[in-house]
Amino acid sequence: MNAAATDARVRVTGLTRRFGERVALDGISFEVAPGEVFGLLGPNGAGKTTAFRLLSGVLPPDAGTFQIDGREVSPASPAYRARLGVVFQEPSLDLKLTGRENLRLGAALYGLPRAVSEPRIDEALRVMDLGARADEPTAKYSGGMRRRIEIARVLLHDPDLILLDEPGRGVDPDALRRIWDELSARKAAHGTSLIVTTHQPEEAERCDRIALLDGGRVTATGTPDELRARVAGDVVRVRGERPEELAETIRARLGLAGTVLDGDVVLETPRGHEVVPRIVELFPPGRLASIATSRPTLADVFAKLTGKGLAS
């Protein structure tokens, strides 16, 4: 989905935040359409958490404007927060309460009358496959079950915009699938917009569009396919001791410039399967620990545009 093709649900312009002399967020701008999942992808320290806190109204910006449905608002305003659902990275459940009680507490905080909230709670527990354990204390839940309750809680009041900070962290694959299935159904049925912060390229693949965030700035924005197209051909990864020496030998002998990332020499080449045997022939047996070729990932795109890995 292209946010430019329709009126934006969210439009952020020049959002900036400093902590003393450090600029954590440096004038970022983006738009999110109704029913769109928009991701902020970057490593720790890129500014994702700061952006999340500004968007959720936890921190005020030093500069920049925020619009929802074409009207400028403050993320700290009650009118904005009433339309918002927020799932923070850190757990926020009361572990002494049951899953059902946590949902009832959330519904009360959103001001939902009991006649409205009870059927929604029952449906949320069913969708998240937690009905059988709804009346157990959440202290007995696994991390994935707690995350599903947190997601269910923010959906109770039918928010127009949901903010999710690293939703896949500490969640098992089955729980994560259930979470994304429900979020996808909600955006399709209600036009709910989602903004997701993540450092995991696999999770970013679930987004309709992504902004790559590095050093508090947006490096590139596009669909996953558009971003991957910035890496031509294949990606070859070479692993071995003294990777800088490996990279220099490959450059000098084959004319291929590589980047050392996370201990690997990473090369971009149109025909990886042809390059691999030529690289192997350069070195004596045992010098290389491994060599592999693959199609480009979002992690490869980030590395090409920033010279950094997402794990950095």
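One residue alone among V154, V116 is touching a Gly at 6+ places or on another chain (Cβ under 7 Å), in a helix (DSSP H, G or I) and either surrounded by fewer than 21 Cβ atoms within 10 Å (Cβ to Cβ) or modelled with pLDDT of 90 or more (or both), and that residue is V154.
Please tell me if S56 is over 14 Å from the mean Cα position of the chain (by Cα), assigned by TED's automatic domain parsing to the domain that holds R147, crowded, with 19+ Cβ neighbours inside 10 Å and of a type in the set (S, T, Y). Yes.
Going residue by residue through the stretch 79-94, is there one that turns out to be buried (at least 18 other Cβ atoms within 10 Å of the Cβ), in a loop (DSSP other than H, G, I, E, B) and out of contact with any strand residue (DSSP E or B) (no Cβ under 9 Å at 6 or more places or on another chain)? Among the residues of the stretch 79-94, at least one is buried (at least 18 other Cβ atoms within 10 Å of the Cβ), in a loop (DSSP other than H, G, I, E, B) and out of contact with any strand residue (DSSP E or B) (no Cβ under 9 Å at 6 or more places or on another chain), which makes the answer yes. Scanning the stretch 272-301 for residues that are surrounded by 11 or more Cβ atoms within 10 Å (Cβ to Cβ), over 17 Å from R239 (Cβ atoms) and in contact with a strand residue (DSSP E or B) (Cβ under 9 Å, 6 or more places away or on another chain) turns up R295, P296, L298, V301.
Within the stretch 62-75, the set of residues being farther than 24 Å from K187 by Cα and either under 21 Å from the mean Cα position of the chain (by Cα) or surrounded by fewer than 14 Cβ atoms within 10 Å (Cβ to Cβ) (or both) comprises A63 only. All conditions but one from (1) surrounded by fewer than 17 Cβ atoms within 10 Å (Cβ to Cβ); (2) touching a strand residue (DSSP E or B) at 6+ places or on another chain (Cβ under 9 Å); (3) at pLDDT 90 or above apply to R169; the one that does not is (3).
Yes/no per residue for (1) touching a helix residue (DSSP H, G or I) at 6+ places or on another chain (Cβ under 9 Å); (2) under 30 Å from G64 (Cβ atoms); (3) at pLDDT below 90:
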site: A79; (1), (2), (3): no, yes, yes
site: G85; (1), (2), (3): yes, yes, no
site: Q89; (1), (2), (3): yes, yes, yes
site: K96; (1), (2), (3): yes, no, no
site: N102; (1), (2), (3): yes, no, no
site: R120; (1), (2), (3): yes, no, no
site: R126; (1), (2), (3): no, no, no
site: L130; (1), (2), (3): yes, no, no
site: D135; (1), (2), (3): yes, no, no
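When T223 is tested against (1) of a type in the set (S, T, Y); (2) touching a Gly at 6+ places or on another chain (Cβ under 7 Å); (3) in the same structural domain as G42 (by TED's automatic domain parsing), exactly one condition is not met: (2).
Taking R83 as the residue in question, decide whether it is in the same structural domain as T221 (by TED's automatic domain parsing), basic (K, R), more than 26 Å from the chain's Cα centre (by Cα) and farther than 19 Å from F19 by Cα.
In short, no.
Screening G170 on (1) in contact with a Gly (Cβ under 6 Å, 6 or more places away or on another chain); (2) more than 25 Å from L59 (Cα to Cα); (3) in a helix (DSSP H, G or I) shows it passes everything except condition (3). Among the residues of the stretch 95-110, those identified as touching a strand residue (DSSP E or B) at 6+ places or on another chain (Cβ under 8 Å) and in a loop (DSSP other than H, G, I, E, B) are L95, K96, L97. Looking only at the stretch 176-231, residues that are crowded, with 19+ Cβ neighbours inside 10 Å, more than 23 Å from G27 (Cα to Cα) and of a type in the set (S, T, Y) come to 1 in all.
The values are calculated or read from the model by the stated rules, or taken from the named source; none is laboratory data. In this text, all values refer to a predicted model and were calculated from it rather than measured experimentally. Glycine also receives a Cβ, built like all others from the backbone with ideal geometry; neighbour counts cover every protein chain displayed.
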